[in-house]
Amino acid sequence: MATARKAGADKKPTSGKADVATAARRAMNGQHLTAAAAMTAESRPAAPPFHKILIANRGEIACRVIRTARKLGIRTVAVYSEADADALHVREADEAVFIGPPPSAQSYLVIERIVEACKATGAQAVHPGYGFLSEKQEFQAALATAGIVFIGPDSHAIGAMGDKIESKILAKKAGVSTVPGHLEVIPNADEAVKIARDIGYPVMIKASAGGGGKGMRLAWNDAEAKEGFVSATNEAKSSFADDRVFIEKYIEEPRHIEIQVLADGHGNCVYLGERECSIQRRHQKVIEEAPSPFLDEKTRKAMGEQAVALAKAVKYRSAGTVEFIVDKNRNFYFLEMNTRLQVEHPVTELVTGLDLVELMIRVAAGEKLPFAQKDVELKGWAIEARVYAEDPFRNFLPSTGRVVKYLPPDTSSGDVRVDTGVYEGGEISMFYDPMIAKLCTCGPDRAAATDRMLRALDEFYIRGLNHNISFLAALMAHPRFAEGRLTTNFIAEEFKSGFSAKDLPPRDPAVLVAIAATIDQINTLRAARLTGRTAPDAGPLEEDIVVVLNKEHHRVHVAGGGSLFTVRSGNRTLEIETEWNPGDPLFRGRIDGERVVAQVDAKGAGFSLFHAGGQADVLVLSVRRAALLKLMPEKAAPDTSKFLLSPMPGLLVALEVQEGQEIKAGEALAKVEAMKMENVLRATRDGTVLKLHARPGDSLRVDQKILEFA
């Protein structure tokens, strides 16, 4: 094992002491302090809580912990696998230790190697982030044996809450409302069907040691219960080395709302409001916000108090999250407690003004919480969108490869936050979660935070691999989201046939038409100057053109030059102000005084535009050429209906059919594993298998043939 020191490792971190005197004066004058102000005003020891901590994680959460540690004057140690040798968290830490091959089971999940890395570098404490070893009892115990502090709860709390079955039993004893279900271990698929019938469909089959949406299946009948049990068991065994599952009643029209709790080792425990995490896909959160648009103060208080009661029942210490499912009548039921930092913790930080990572570190060092429940105030609204390397147009299948272009939104205004673990030129590996970044926005209310998110998504330019920004924008622009009518079925109900270009209609087509006409005008004027057809100081150009927007023809009159343009389409005239230059990936400017950002990409003879949740392919033509275009026949797409193609890069886990076998629509054909998720590929119609083109164990590329139909 070798320790690699990075350039800049000897730079001294800042102390992070912000306006302590002002807050202290307020306290002396008897003024009420919020939790954030109390935390700032609390007198701190001159030395940081620890001099060096190791982050037993990777990606954006490792970078997030490094950021707070640097603020506190704490040196950091990163760990990395072969696949992460050039990762951002390795570059940002003061030291880095190599811990093994790319598969997490041979690197990030090997407890002994993390402990060795701590000893080799002199790290006094470990922050586990989320995932990997963050909720492993054995990890906390191993660190304790080695005399290393675990920045999180103790082994007892992790064990009590880490098992979904045991945690529900404990929650019930603590007076926490729970969902009806069967909490004992289920031995086989037939017994699963029997239990599901007794509870009453629909039911949710869940891995006892699960998390992150893995090992979860919804069943509406016996067949789905049987298949769901097998899939959930296999996925649980693969992801958590624990194949136990349980079954509970599925709450219809459910909302997923969670309470952030924080406790120290001195008997103090508070809740920091709630997060609404209802917008999910395959049981994985996509959009989170704080507070919830659904809860009233009475329900918020009741949920918070039950969350605190559960935390106290297991003598919890550190930051943790109690997750609830809430029905349409605001009845709430305990789901699980995550004994770690949540992916979505930034929205809580934005509305409370607290740094949860700092508080975790200070609590782990034995300090008391510097505030009480009465000091916790929620201000404004915050929204988080998870930006993933996946293709929303291909059923959200993972995308891997190099990040060729990476331009995140500007965060200097304070209303945008980007937590990321990638950089331009880096890679998204097939071995780990495909998250690119967590994009957060905030504002005085929900509408302001939403509008800022839409603009931030426009500003987030990523190329080189597929990503879900277009889908996130479509969610934020959806009328139902604006109304706050959320359930965990939101995506399934609103995108029943999957996600496609038709789900990205421009909010205002005239805006995209105006941008397209302006871009063409700038290109035309530039070309004329370069070829000498127009003098450099020539006046504005005026002409009639046709903007073909998603195959719809818009005849417009465009005039202007420099940075000011006018576009007239029908009876509407738009004034455009922009400094855009050919080749810029982002069109920034104002249209009729309103700030506008659009992504611009060359595409064939034209270009594509993305703005405010809308996407369009654009051609700008002369009036004559536009007329001729309407006469051109459309090229037919190639026929791939005779093949089952791999929709993603991954591992062919199983083939469920043989050559010559007759199949029915909906029948399972193959299983492909990617990013630790098992994906079942099914027949779309009846037929016969003619030939198998791949074998179990093969690594597949996108669109590789798996089998052929007669």
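Each value in this text was obtained by applying a stated rule to the coordinates, not by laboratory testing. The shown structure was predicted, so the numbers you read here are calculated from the model rather than taken from an experiment. Virtual Cβ from ideal backbone geometry, glycine too; neighbours counted across all protein chains shown.
What the table below lists for this structure:
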{"item": "Charge dipole of region 509-629 about the Cα centre (unit charges at C-beta), most positive-ward option of Ser563, Leu549, Leu628", "result": "Leu628"}
{"item": "Dipole magnitude (debye, nearest 20) for region 509-629, charges at Cβ of Lys, Arg, Asp, Glu", "result": "280 debye"}
{"item": "Global form of region 257-503, assessed from the alpha-carbon gyration tensor, a/c cut-off 1.5", "result": "prolate"}
{"item": "Cβ-Cβ FRET estimate between Asp639 and Asp222, R0 fixed at 45 Å, reported to 0.05", "result": "0.75"}
{"item": "Anisotropy class of region 565-605 from Cα gyration tensor, a/c 1.5 cut", "result": "oblate"}
{"item": "Gyration tensor over alpha-carbon atoms, region 180-249, equivalent ellipsoid semi-axes in Å", "result": "18, 11, 10"}
{"item": "Rg in Å to one decimal, and Dmax rounded to a whole Å, for region 509-629 via C-alpha atoms", "result": "13.4, 40"}
{"item": "Cα lying deepest toward the dipole's positive end in the chain, options Phe393, Gly604, Val680, charges on Cβ", "result": "Gly604"}
{"item": "Net charge dipole size for the chain [Lys, Arg +1 and Asp, Glu -1 on Cβ; Debye, nearest 20]", "result": "780 debye"}
{"item": "Ala85 versus Ala492: modelled label distance in nm, points set 7 Å from Cα along the beta carbon direction", "result": "4.4 nm"}
{"item": "Net lengthening on full extension, Tyr423/Lys301 (0.36 nm per residue, minus Cα-Cα)", "result": "39.8 nm"}
{"item": "Which of Val203, Thr640, Phe132, positive extreme of dipole for the chain (C-beta unit charges)", "result": "Phe132"}
{"item": "Potential extension, Ala559-Ser412 segment - 0.36 nm per residue separation minus Cα distance", "result": "49.4 nm"}
{"item": "Spin-label model distance (nm) - Asp686 vs Asp242, 7 Å beyond Cα toward Cβ", "result": "4.6 nm"}
{"item": "Region 536-593: trypsin sites (Lys or Arg not before Pro) falling in loop per DSSP and having at most 13 other Cβ within 10 Å", "result": "Lys551"}
{"item": "Qualifying GluC sites (Glu not before Pro) for region 550-620 [loop in DSSP, other Cβ within 10 Å: at most 15]", "result": "Glu579"}
{"item": "Helix axis angle, 59-72 relative to the chain longest principal axis, alpha carbon, degrees", "result": "70 degrees"}
{"item": "DSSP beta bridges in the chain [antiparallel fraction, %, rounded to 5]", "result": "90 percent"}
{"item": "Low-density loop positions, trypsin sites (Lys or Arg not before Pro), region 413-512 - DSSP coil, at most 10 other Cβ in 10 Å", "result": "Lys496"}
{"item": "Nitroxide proxy distance, nm - points 7 Å out along Cα→Cβ at Ala144 and Ser177", "result": "3.4 nm"}
{"item": "Cα centre as origin, Lys/Arg/Asp/Glu Cβ charges: region 643-709 dipole, Debye", "result": "140 debye"}
{"item": "The chain - mean residue ellipticity at 222 nm from DSSP helices (-39,500 (n - 2.57) per run, n ≥ 4, rounded to 500)", "result": "-8500 deg cm²/dmol"}
{"item": "Tilt relative to the chain, helix 446-459 - C-alpha long axis, 0 to 90 degrees, to 10", "result": "60 degrees"}
